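Remarks on the structure that follows.
The values are calculated or read from the model by the stated rules, or taken from the named source; none is laboratory data. Since the structure is predicted, the reported quantities are computational estimates derived from the model, not experimental observations. Methodologically, a virtual Cβ is constructed for each residue, glycine included, from the backbone with ideal geometry; neighbour enumeration extends over all protein chains shown. These accessible areas exclude ligands, DNA and RNA; they are computed on the full protein's heavy atoms, side chains included. Shrake-Rupley method; radii C 1.70, N 1.55, O 1.52, S 1.80 Å.
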Amino acid sequence: MPQIDRHKNRTVNIEFAAVEDFSMLPNPERLSLILITSGSMSGTLNERPISISAPGVLCLAETDDMKVMEKQNIAAQSFHFHPEFLNTTVLSETQGYFPTGPRIQTGHSLFQRDDPHTTIPRITEKAFPLLFEWFFILGMKVQAQSDSRWVCRVKRYLIQILGLLEDLNRNGEQSPVDSVLEYIEMNYSRKISLEDLTNCAHLNRVTLNKMFQERCGNTAMGYLLSHRLKVVCELLTHTGMKLDEIARATGFEYDTYLIKQFTAKKGISPTKYRNTTRKFATVQ
């Protein structure tokens, strides 16, 4: 059942299931993220055989056709959301003129079916505890609706989960750069030094930066900054989080430092960016 937002008297087309039994999947009106915490399952997806064991994640689009053939002591939780949940709501008086609002871009590849491997992202041993934590918090936010900004916080954790899954899926074999990219994706909200990154890659500063330049066109710390700013842009556009909240959530620590870095790199202040990208849009 969709959530009724008791603070804003509206319907939010999302559901969180603390126990997923797979009987109603795929949901014909939802995109679904299923976190498998124990056991295994096998079956077919769009007439292709699939098999997934814990720890794992299954990403299902509303048009998928899945049949579960066998389940072995499986335990899972799931988050389902209508594709429109990725949009920022357009004000009713502007709908005839601006039919499409800003849209969360992170995670789209997980629900595209050009490559069937996107259905089951590669989950590493290091990434799973963080995914489990984020799923737990996301579920708590959905159930608690603690204040009028609860949808903002759900979107924040959804962006984080989708971003990590997309990056894990993109990186097949683990090179030193892949290890650092995964480390950044999991820890960008915390304080990170160049020494942390070189220790993660087991490389010296010069070699790591050379490899990053070849792979990403940036130094390791430069990439960290650009990744943080990417998340900041998503949060500015698609949530009503305050600047100090966004700063803490993305590793900038203080809103003044976030404003300085954002303005220097984007050529526009965070507030002006938010106003521009969310023009004619309500606060979520």
Sequence-distant aspartates and glutamates (8 or more away, or on other chains) whose Cα lies within less than 17 Å of Lys191: Glu182, Asp244, Glu245, Glu253, Asp255
Net charge dipole size for the chain [Lys, Arg +1 and Asp, Glu -1 on Cβ; Debye, nearest 20]: 1180
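With all protein chains present, how much of the accessible area of segment 106-228 (probe radius 1.4 Å) comes from carbon and sulfur, to the nearest whole percent? Working shown, then result.
Numbers: 2900 of 5720 Å².
Here carbon and sulfur together make up 51 percent of the probe-accessible area.
Which entries of Lys141/Lys242; Lys126/Lys265; Lys8/Lys279; Lys141/Lys266; Lys126/Lys279 have Cα-Cα distances beyond 29 Å here?
Pairs exceeding 29 Å: Lys126/Lys265; Lys141/Lys266; Lys126/Lys279.
Tell me, what does the Kirkwood hydrodynamic radius of the chain come to in angstroms if you use every pair of distinct C-alpha atoms?
Working: mean 1/r = 0.0497 Å⁻¹.
About 20.1 Å, per the Kirkwood formula over Cα pairs.
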